Amino acid sequence: MSTSRKPQVASRNITVPWSDLPGPMRLDLELEPSSDLLGWGARIGSAQVGLGYNHVGLEERVADGGLDWHRALSVVEELCGPCSQANLLCFVQAVEAMGRIIVPPRAAALRLVLAETERIASHLMNAAGMMAALDLPEREASLRDLRERIVQAVAEWTSARIQPGLIIYGGLTRNIDETGIRNLTLACRQVERTLRAGVTSIINSKDIAARLAGLAPIRGQEAVIGGLRGPVARASGVAVDMRAVFPTGAYEDEGVTIVVQRNGDAFSRLVVRLLEALESFRVIEQVLDDLPPGPFKSRGNLDMREGTGISRVEGPRGEVFCWVKGAPEGLRAIHLSAGSFPTLGVLPGLLRGQQLEDLKLTLLSLDICLPCAEH
Amino acid sequence: MNRPNGGVPDDYYEQGDPDLHLPEYDEQPDPNNPYESDEPLNRQLASFAFIREEDEREVRLYFRDVAADEIAKAFRRSGALLISITGERALSPSPVAANAPSDGAEAELPVDPSSSDAHESRGRKRRHRKGPALRGMHSAQPAGEATLRYFYSMGELVYTVNITTVTGIIHSVAGIFPAALQSERELQTRLALLFREATANTQ
């Protein structure tokens, strides 16, 4: 009686700890059997994403009982830290579209400044995280310092580092004076100059390119089919940016260059974010140089009307889409779709076949914002 | 390096010829009339009964008991992209559903809404946190007819397609727009809907 012995190649299942994940989520991986003797270079066979830890049930709660118009502002802004201004701007613009509310040009321009500085801070934070994962502490520290300087410059105007609560229906709660404009412009110019040199250095770094080029590639067609948005899609050659495609507010008057890369890998995504940060500085300086005079909010009391409205805004992680249904008493229904939501859908497919050691870099390059994606 | 953009290679600013753009349409629309571009779409949708409202950059279409995948195909053929999906159940439940106990095991006795005990009891119940597995169970109780909203972008316009269904059974559009799969799963849990996979060819 002959018995054939098959090689014992068992796959391993692991759960990735939170420290390696972009936020509270569960990522269960099944690893393929390692091919080399020491068990290095394990590849991911399949991945399962478990969500639900950030779910606050915004849409369900509003649909169940409605929400007061003023309370809605803070609820939407507090959904997420890094994307708070994009989410709030999108929501407010949807309400303004519903209520036919005209926004003064100065308020629209200042909203643009808030949105763009948030984009810069988000992109620099992500790039700094990438540098940390690549074990480049000096570059990481430099990027974090630049981010801190721009956040601080904006905080001098808004009096808050995050979620300043400035954007309201019909305008802003606070104006900016000439000194504030001068200080913010000066800070932007200084940070931009330093960042430009840093970006050049990162883009031309062979070490960084060697590590990130070809990592977790997403082809353009895949990005379109998967409905990917923002820098992740633009890094794959999809030239879609709501600031240019669907301009609203002050973006209707400001030309924004769409930064596009073709390779769709982690390096392309990093490059897109860094160049977009530079582009945001250009837009901010242009707006501040030519800030329209006049009121910063609509005068008088706003009478909300019954109806629905939509808005599309380009957030740091891609298009934010908002649909609202309201009545004079308050918000009746809301749907807020953030840029990271479609990325979660392609994550299991993207991780399949990746080396386990690349997991952290891959997740960082996708820049998933969980509070936005699964609110 | 003395490049005008501060050393960043010029080819990183690629505006001219990226790989992909938004879908082009066969007939170039008049830029002064954004609604002209949806003529081919209107011809495809003509076989359905619907109400159309136009509002600046948004076109709202209202359908009742139609196959969502057929509508999605019409949009796909017209070069539209799906932005997102949402939905809601009618707020007023049917009398039978309203009187039925929620899970059969714990039938709540009617309480006087004006009493403070009733308020406290409700407050405690509301503060109870549900885990991810239980999330959406409360709202998943079928209450009335469901309305699904599909948001499509086509050029500068957003089409809000409202499809109302009494049965709670909807044709899935994930075969036409794969990005819809996640949203459909979420709505299936939250609104107790059943998404039926399309069997016909998606194109």
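Every read-out reported here was derived from the displayed coordinates using simple, explicitly stated rules and does not represent laboratory data. As the structure is a computational prediction, the values presented were derived from the model and not from experiment. All Cβ positions, glycine included, derive from the backbone under ideal geometry; neighbour counts span all protein chains shown.
Nothing charged except the Cβ atoms of Lys and Arg (+1) and of Asp and Glu (-1): what's the magnitude of the dipole of chain A about its Cα centre? Round to the nearest 20 debye. Could you put the intermediate results ahead of the total?
Details: 40 positive and 44 negative charges, 96 e Å.
With Lys and Arg at +1 and Asp and Glu at -1, about 460 debye.
The mean sequence distance of close C-alpha pairs (under 8 Å, at least 6 residues apart), as a share of the length of region A:129-278, puts its relative contact order at 20 percent. With the simple model of a label 7 Å out from the Cα in the direction of the Cβ, residue A:56 to residue A:219 spans 4.0 nm.
Computed across chain A, the Kirkwood hydrodynamic radius from all distinct Cα-Cα pairs reaches 21.8 Å.
Computed on region A:209-257, with alpha-carbon pairs under 8 angstrom and 6+ residues apart, the relative contact order is 24 percent. Here region A:60-81 and region A:188-255 have alpha carbon centers that stand 31 Å from each other.
Length gain on complete extension for the stretch residue B:43 to residue B:90, per 0.36 nm per residue less the alpha carbon to alpha carbon distance?
Extra length available between residue B:43 and residue B:90 comes to 13.8 nm.
With contributions of -39500 (n - 2.57) from each DSSP H run of at least four residues, the per-residue ellipticity at 222 nm computed over chain A stands at -15000 deg cm²/dmol. In plain terms, the chain from residue A:253 to residue A:206 could stretch by 13.0 nm, reckoned as 0.36 nm per residue minus the Cα-Cα distance. The trypsin sites (Lys or Arg not before Pro) of region A:104-183 include none that meets both conditions, a loop assignment by DSSP and at most 11 other Cβ atoms within 10 Å of the site Cβ. Taking 16 Å as the cut-off, the amide N atoms of region A:91-114 that come nearer than this to a point 7 Å along the Cα-to-beta-carbon line of residue A:299 belong to A:102-107. The label point for residue A:64 and the one for residue A:26, both projected 7 Å from the Cα toward the Cβ, are 2.3 nm apart. Per-residue shielding of B:177-190, expressed as the average number of other chain Cβ atoms within 10 Å of the residue Cβ, stands at 4.
Legend: calculated FRET efficiency, residue A:352 to residue A:78, from the Cβ-Cβ distance at R0 = 51 Å, rounded to 0.05, equals 0.90. Spacing of the modelled spin labels on residue A:306 and residue B:167, each 7 Å from Cα toward Cβ, amounts to 3.2 nm. When chymotrypsin sites (Phe, Trp or Tyr not before Pro) are flagged only if DSSP places them in a loop and at most 15 other Cβ atoms lie within 10 Å, the longest unflagged stretch of chain A comes out as A:54-375. Normalised by the number of residues in chain A, the mean separation of alpha-carbon contacts (under 8 Å, six or more apart) gives a relative contact order of 27 percent. Charge dipole of region A:177-277 (Cα centre as origin; +1 on each Lys and Arg Cβ, -1 on each Asp and Glu Cβ, all else neutral): 500 debye, rounded to the nearest 20.
Centre-to-centre, using Cα atoms only, region B:162-181 and region A:260-301 are separated by 36 Å. Positive-end ranking of A:66, A:292, A:200 along the dipole of chain A, with charges on Cβ about the Cα centre, is headed by A:200.
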